[in-house]
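*Asks:* What follows is a structure written as structure tokens; I'll ask about it next.
None of the figures in this text is laboratory data; all of them are computed from the coordinates on show. Bear in mind that the values here come from a model prediction, so they are computed numbers and not experimental data. Note: ideal-geometry Cβ built from the backbone for every residue, glycine included; neighbour counts use all protein chains shown.
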Amino acid sequence: MSGLRLMAVHAHPDDESSKGAATMARYADEGHEVLVVTLTGGERGDVLNPAMDIPGVVERMNEIRREEMAQAARALGVQQTWLGFIDSGLPEGDPLPPLPEGSFALVPLEESTEALVKVVREFRPHVMITYDENGGYPHPDHIRCHQVSMAAYEAAGKADRFPDAGEPWTVSKLYYTHGFIRRRLELFKEEYDQRGEAFPLQDWIDRWRPEHGDIMARVTTQIQCGKYFANRDEALRAHATQIDPNGVFFAIPLELQRRIWPTEEYELAKTRVKTSIPETDLFAGITDDALAGVRDARETTK
Ligand SMILES: [Zn+2]
């Protein structure tokens, strides 16, 4: 089947390129519609690439990040839209300072949910992707992204919720994207050990506490997308203020990644269609019948 619709909800520009990017490039290439919804403008991002730490960049950060995002979307072959909230920034210090006034994580959940519901009802995705309850990593905007996505998944199909935000649309499935797989790192390390070479991501292994476990235990769905790793890297590089092209993101050669771990990982968190685990397709279970069923459900809520 082609012509299905996939929506990925992300907190900041660049998150879409580091979490599930190759999956989106694959589905777009295979004739599906893919939309990235970026909740904030990334206004509080620092310049993380030394080559971009030059006069004029910080002053134009907002505009530059929009240009970077457009270029990344082109590299992945996906559509992208902004929800227009303001980056909360990553609070640092002990005790943590309060979040800046007006930032996304402080916007009342009903308000941000209505904004996302509006986009869901316009785009009418069959599948949504977001972060797990921990946000993937503990940035307040990532945690909020999870909360808003879950609320929108529940509300979008209900006619009595946000009646001014468009015609109800029932999303069939919702996934969490999981990037930090310990098993994947270990397999890469074994390869470097066998060659007698230093492992470029040793730092990541060293920082991993046994109590963190491996999120792989929660993975239900692996998507083959090694063919699109180059698109992912091109999208990452497009975010030039955020990603150092000489950094660890690009340390493992693509050939090795494709051979040892050619997939991206997801956890099926919600489904309204029948499917069986493990899955190899985010659209698994979405048949013509299921689509008709979803349409019926939508009609009966009117
Ligand atoms: Zn982020």
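*Asks:* Which whole-number percent gives the relative contact order of segment 103-205, counting Cα pairs below 8 Å spaced six or more residues apart?
*Replies:* So the answer I get is 30 percent.
*Asks:* Then there's this: Under 20 °C and 1.002 mPa s, how fast does segment 145-260 diffuse according to Stokes-Einstein, given a Kirkwood radius computed over C-alpha pairs? Answer in µm²/s, whole number.
*Replies:* Translational diffusion coefficient: 121 µm²/s.
*Asks:* Continuing with the same structure: Loop-only check: which trypsin sites (Lys or Arg not before Pro) in segment 32-78 are DSSP coil with at most 12 other Cβ within 10 angstrom?
*Replies:* Arg60
*Asks:* Oh, and also: Gain in length, Arg209 to Glu133, computed as 0.36 nm per residue apart minus the alpha-carbon separation, to one decimal in nm?
*Replies:* 25.4 nm
*Asks:* Oh, and also: Name the shape class, rounded, prolate or oblate, that the alpha-carbon gyration tensor gives for segment 131-176, where a ≥ b ≥ c are the square roots of its eigenvalues, rounded holds for a/c under 1.5, and otherwise prolate holds if a/b is larger than b/c and oblate otherwise.
*Replies:* Prolate shape, in that a/c is at least 1.5 and a/b is the bigger ratio.
*Asks:* For segment 183-240, rounded, prolate or oblate, judged on the Cα gyration tensor with a ≥ b ≥ c (square roots of eigenvalues), a/c < 1.5 rounded, else prolate if a/b > b/c?
*Replies:* Oblate, because a/c is 1.5 or more while a/b does not exceed b/c.
*Asks:* In a Debye calculation with equal point scatterers on the alpha-carbon sites of segment 21-70 and no solvent, what is log10 I(q)/I(0) at q = 0.30 Å⁻¹?
*Replies:* -1.15
*Asks:* At a 10 angstrom cut-off on C-beta neighbours, averaged per residue, how do the peptides 82-94, 196-208 rank from highest to lowest?
*Replies:* So the peptides 82-94, 196-208, ranked by packing, come out 82-94, 196-208.
*Asks:* Expressed as cubic angstrom per residue, what is the convex hull volume of the alpha carbon set of segment 1-159?
*Replies:* Measuring per residue, one finds 122 Å³ for the Cα hull of segment 1-159.
*Asks:* For segment 211-293, just say rounded, prolate or oblate: build the C-alpha gyration tensor, square-root its eigenvalues into a ≥ b ≥ c, call rounded for a/c under 1.5, and beyond that prolate if a/b exceeds b/c, oblate if not.
*Replies:* Prolate shape, in that a/c is at least 1.5 and a/b is the bigger ratio.
*Asks:* Next up: Cα-based Rg of the chain per 2.2 N^0.38 Å, rounded to two decimals?
*Replies:* Expressed relative to 2.2 N^0.38 Å, the Cα Rg reads 1.01.
*Asks:* Then there is this: Charges on Cβ only, +1 for Lys and Arg, -1 for Asp and Glu, centred on the Cα centroid of the chain; of Ser88, Val127, Leu99, which one is farthest towards the dipole's positive end?
*Replies:* Looking along the dipole axis, the top candidate is Val127.
*Asks:* Scan segment 28-78 for GluC sites (Glu not before Pro) in coil per DSSP, keeping those whose Cβ has at most 14 other Cβ atoms within 10 Å, and list them by number.
*Replies:* Glu30, Glu59
*Asks:* Could you please rank Val9, Val171, placing first whichever residue has the fewest other Cβ atoms within 10 Å of its Cβ?
*Replies:* With the sparsest Cβ surroundings first, the list reads Val171, Val9.
*Asks:* Quick one: dipole size for the chain, taken about the Cα centre, charges +1 on Lys/Arg Cβ and -1 on Asp/Glu Cβ, in debye to the nearest 20.
*Replies:* Once rounded to the nearest 20, the dipole reads 860 debye.
*Asks:* Could you work out [θ]222 nm for the chain from helices alone, using -39500 (n - 2.57) per DSSP H run of at least four and dividing by all its residues? Round to the nearest 500 deg cm²/dmol.
*Replies:* -11000 deg cm²/dmol
*Asks:* Using a Gaussian network for the chain with springs between C-alpha atoms less than 10 Å apart, which of these wobbles most: Leu116, Leu174, Leu187?
*Replies:* Sorting by GNM fluctuation, first place goes to Leu187.
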